[in-house]
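Inspection log for the structure reproduced underneath, given as structure tokens.
The numbers here are math on the coordinates, done by the rules we state, and not lab data. Keep in mind that what you see is a predicted model, and the values were worked out from it rather than measured. A quick note on method: Cβ atoms are made from the backbone with ideal geometry, for glycine too, and the neighbour counts reach across all protein chains shown.
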Amino acid sequence: MKLTALALAAAVSSVSSATFVNYVVTKTTTSNSGVSLDVYTLWARFDGATDTVLNVFNFNAVGGAATNVFYHKDNSDYNGGVLSKQYGTWSPTLTGSATLNRPYDSFLTIGGNSGATNTTAADPSWPTAGGGWNRADIPSGFNIGWYNSSPPNLQGRVGSAGNTATDVRLGQFVIDAGTDVGDFNLKTAYNNGVTGSPVQFAETTFHLGTPVPGPGALALLGLAGLAGRRRR
């Protein structure tokens, strides 16, 4: 499996979000059921040793990003462990096997790994969009979110299981290999992990998928190829 880190610079909108650095998207490539897949993991990066994500919201597509291209392979009644873009859930508690399901399943989380003990829950914006988060697509035109229903467990803290020393896991997105999905907006609420400490907010965008080179980039590639032929 190949690992690529794509760090996106944050355009943070307020000084209160000083310890939020950016969103980071990492990519692995795999295959399942004869389908080649790109697996993107979304992380929130911080520079504080105990920064803890409480919830995220205002999640929506930007500029026409695709919202119905995500594979699921969970053990919910909606999917049953079959790789599918039509049926599944975003709930991390229903991913199923860590080897047979998790590597190929799209899910959302506030830190940690997916599994029965994960305490992430959908906020009320999902039922408003219709059907809750037991669906395969991302609701289009709604500012959806999810939260840690048991924040004292510090599942959303940097350094906790499933996270890294600087990054908190927020979701996994599985798509057809080579697909460019587009940009998404997300707002993160976090604090320093101490009960009662002030909540801070940061909001910016991140990209999912492999961007298609624009006309300028294609022209440069063509010139590079021409120069290479001349040298030979």
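The table below lists the values:
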{"item": "Which of Thr179, Thr204 has the fewest Cβ neighbours within 10 Å, and the rest in rising order", "result": "Thr179, Thr204"}
{"item": "Proxy reagent accessibility, fewest Cβ within 10 Å first, across Tyr78, Tyr23", "result": "Tyr78, Tyr23"}
{"item": "Exposure proxy order (Cβ contacts within 10 Å, fewest to most) of Arg157, Arg102", "result": "Arg102, Arg157"}
